[in-house]
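A.B. asks: Have a look at this one.
The values are calculated or read from the model by the stated rules, or taken from the named source; none is laboratory data. Not measured: the values here are computed from a predicted model. Quick reminder, even Gly has a Cβ in these numbers, built from the backbone with ideal geometry, and neighbours come from all protein chains shown. The accessibility values were calculated without ligands, DNA or RNA, using every heavy atom of the protein model including side chains. Shrake-Rupley method; radii C 1.70, N 1.55, O 1.52, S 1.80 Å.
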Amino acid sequence: MTPEILSLARYLASSRPEFTLSEMNQYLSRKYSEKELYDALKPHFYDLDLFCDARHNCTKLANLPLPADEQVIRELEDTLKAPQLPPSIEKLVSSYIERSCGKNWHTGETAHLLRENIVKQKEEYWRGSSKYPKLRVITYLLYHFPVYFCQFQYVLLDLLKSGLLTTKMSVVDAGAGPGTITLSTIEFFHRLLEIYSKNKIDVKINLRIDSVEKVQDNIDCYNDLTSHYLSQHPQANAVITVNKPDRAPIEKAAPAPNADLIVFSNVLAEMKAAPFERADIVETSASGSSNPTIIIIEPADLVNSKALRVTQNALVKKGFTIYSPCTLIWGAGCRGEDCWSFRGAGDITVPEFMRKIAGKEEVYRYLNTDMKFSYVILRKDGNAQHKYLGRGKFARLSALKKHVTKRINVAVSVMSGNLGDEKNFVFKICDGTTSVPCYAVIPAYHLNEKNNGLLHAGYGGIVEIFGVLVRENKEFSSYNLLINRSTIVEPVR
Ligand SMILES: C[S@@+](CC[C@H](N)C(=O)[O-])C[C@H]1O[C@@H](n2cnc3c(N)ncnc32)[C@H](O)[C@@H]1O
């Protein structure tokens, strides 16, 4: 592109509320077709704050929080109620597998190799040191991709509800793998735009996604999947630019300038750096951005989940603030020690390609549908999902020792799903004051409308509990807070 086109576009964007691309020809030294001008300017729309529609009318795009009224949220939540890989994404992944491994990838020797690799990858993964030779990206698509894709959309939904998704966003997908987070984000925005359009809400979006990934096979897959998805699913109200991944270790990559959202999904645990040292890597990645939303996601298993809280705490010490899921109910205090907490979001429907590779024997080894993940959302500005602070009438969980066998009031975050069963509901609770595990326990026969708020608080939700009996569980070095029919649980909205 000649610099003339860009400088004219810059001038028009700053001096007029709208203009057409064809108009530009009046001022240029030679004539260009509208398509030529569009293609030349597309990579610059983001920096120019411009939105150019299919008719090549260009308007200035104001950066505003995306509308998140009740109707929009309800419709979006409806689409997430039966979680599954969207058919468009399932088709895309199937086609990539087929193009890479042949039409009959799910039979014979190829299937045998893929199954063997799925098992190996799982083992390496639990040890936190995956390697990704050639076939690895395919087994990743078959086994890990669907759940990670789906679970990320629940995190995006939280961000939307909180006003942290805006009309102009720069996203960084760190440790992008085959493009799980990038595709999940684009598909989420497409879903949202469809709901806006159905409800006649005029919203235009300018989204730019950059990524960092160290393995070439993963980059090839990323480029293939994202470019096919974008070309197959054009969106009238969105300009989405997915830049080619930066092939580098995150530790050495240049920090993205002014990112709004930086996502580390299932990547920090793969690094050799100790959990507290990973905070340095996150800090450097975020150093080019004034106030990004940083999301770190790790698997829910004990080791990775606990490691995440250590990294989180090291980041808090560096001045980052926790947006969610933890609320420091008494101000400061949490040391991120010995904390195993994860969110459960249910099971996804088995995608057809996963069913095919699972075959007929030992099927369970190849099916992965359970969405359980540990995560933290951080900011630099102190913004938090819950701005709740404890007051005098509540005891701190760090003081439970002196309240054993007594009835007390506490204000806590619910930090798990039901860890018990249908007869006894058990939820991990936390107020940020102690690393000794604490649980709220309700036998089903004590459930009533005054205390069942605990069951509906949701992961990270805050409840005030009045008249709960403190028991020490010496065997597990933990405390159980027993809720009976006279205990009152009030969810904090
Ligand atoms: C488990 S996969 C996660 C992929 C994707 N983020 C997701 O959630 O599905 C981890 C990815 O991070 C990449 N990775 C691991 N360590 C890295 C590093 N130090 N720098 C860049 N990429 C890294 C791996 O190559 C792999 O693609």
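A.B. asks: Could you give the accessible area per residue of region 58-165, probe 1.4 Å, as a whole number in Å²?
C.D. replies: That works out to 45 Å² per residue.
A.B. asks: Once phi is turned into ³J(HN,Hα) by the Karplus curve 6.51 cos²θ - 1.76 cosθ + 1.60 with θ = phi - 60°, what whole-Hz value does each residue of region 376-389 show in order, with x for glycine and proline?
C.D. replies: 9, 10, 10, 9, 10, 9, x, 4, 9, 4, 10, 9, 6, 10
A.B. asks: Counting alpha carbon pairs within less than 8 Å and at least 6 residues apart, what relative contact order, in whole percent, applies to the chain?
C.D. replies: 12 percent
A.B. asks: How big is the Cα convex hull of region 397-492 in projection, averaged over all directions, in nm²?
C.D. replies: So the mean shadow area of the Cα hull is 5.4 nm².
A.B. asks: Sum -39500 (n - 2.57) across every DSSP H segment of at least 4 residues in the chain, then divide by the residue count to get the 222 nm mean residue ellipticity, nearest 500. Present the calculation step by step, with values, prior to reporting the outcome.
C.D. replies: Details: 14 runs with 170 residues, N = 493.
So the helix-based figure for the chain works out to -10500 deg cm²/dmol.
A.B. asks: Right, another one. May I ask you to give the percent of accessible area on the chain that is carbon plus sulfur, with a probe radius of 1.4 Å?
C.D. replies: After summing per-atom areas, the C and S share lands at 52 percent.
A.B. asks: Can you list which of the trypsin sites (Lys or Arg not before Pro) found in region 275-310 are DSSP loop residues with at most 10 other C-beta atoms within 10 Å?
C.D. replies: Qualifying residues, ordered by number: none.
A.B. asks: For region 393-428 and region 42-64, what is the separation of their C-alpha centers, rounded to whole Å?
C.D. replies: One Cα centre to the other: 51 Å.
A.B. asks: Now, a different point. Using the alpha-carbon atoms, what tilt in degrees (0 to 90, nearest 10) does helix 3-15 show relative to the longest principal axis of the chain?
C.D. replies: 60 degrees
A.B. asks: Over the Cα atoms of the chain, each weighted equally, I'd like the Debye log10 I(q)/I(0) at q = 0.07, 0.08, 0.12, 0.13 Å⁻¹, rounded to two decimals.
C.D. replies: Per q value, in the given order, log10 I(q)/I(0) is -0.43, -0.55, -1.14, -1.28.
A.B. asks: Using the Cα atoms of region 330-473, I'd like the radius of gyration and the largest Cα-Cα distance, Dmax, both in angstrom.
C.D. replies: Rg and Dmax of region 330-473, Cα atoms, are 18.6, 60 Å.
A.B. asks: Another one. Counting only residues 5 or more places away or on other chains, whose amide H sits under 5 Å from the amide H of N451 once H atoms are built in the peptide plane?
C.D. replies: V489
A.B. asks: Once you charge only the Cβ atoms, +1 for Lys and Arg and -1 for Asp and Glu, what is the size of the charge dipole of the chain about its Cα centre, to the nearest 20 debye?
C.D. replies: 1200 debye
A.B. asks: Let me have the relative contact order for region 80-192, percent, based on Cα pairs under 8 Å that are six or more residues apart.
C.D. replies: So the answer I get is 26 percent.
A.B. asks: Under the rule a/c < 1.5 gives rounded, and otherwise a/b versus b/c splits prolate from oblate, where does region 3-60 land using the Cα gyration tensor? List each step's numbers first, then the result.
C.D. replies: Values: a/c = 1.34, a/b = 1.22, b/c = 1.10.
Rounded shape, in that the Cα axes give a/c under 1.5.
A.B. asks: OK, next. For Y323, what residues show an amide H to amide H distance below 5 Å, using hydrogens built from the backbone and excluding near sequence neighbours?
C.D. replies: When sequence neighbours closer than 5 places are left aside, the close amide H contacts are I377, L378, R379.
A.B. asks: Take the Cα pairs of region 271-351, get the Kirkwood Rh, then feed it into Stokes-Einstein at 37 °C and 0.692 mPa s and tell me D in µm²/s.
C.D. replies: Value of D from the Cα-based Kirkwood radius: 235 µm²/s.
A.B. asks: Return the ratio Rg/(2.2 N^0.38 Å) for region 142-251, where Rg is computed over Cα atoms only.
C.D. replies: It is 1.07.
A.B. asks: 5 Å is the cut-off here: which amide hydrogens, built 1.01 Å from N in the peptide plane, fall below it relative to V239, excluding neighbours closer than 5 in sequence?
C.D. replies: When sequence neighbours closer than 5 places are left aside, the close amide H contacts are I205, N206, L207.
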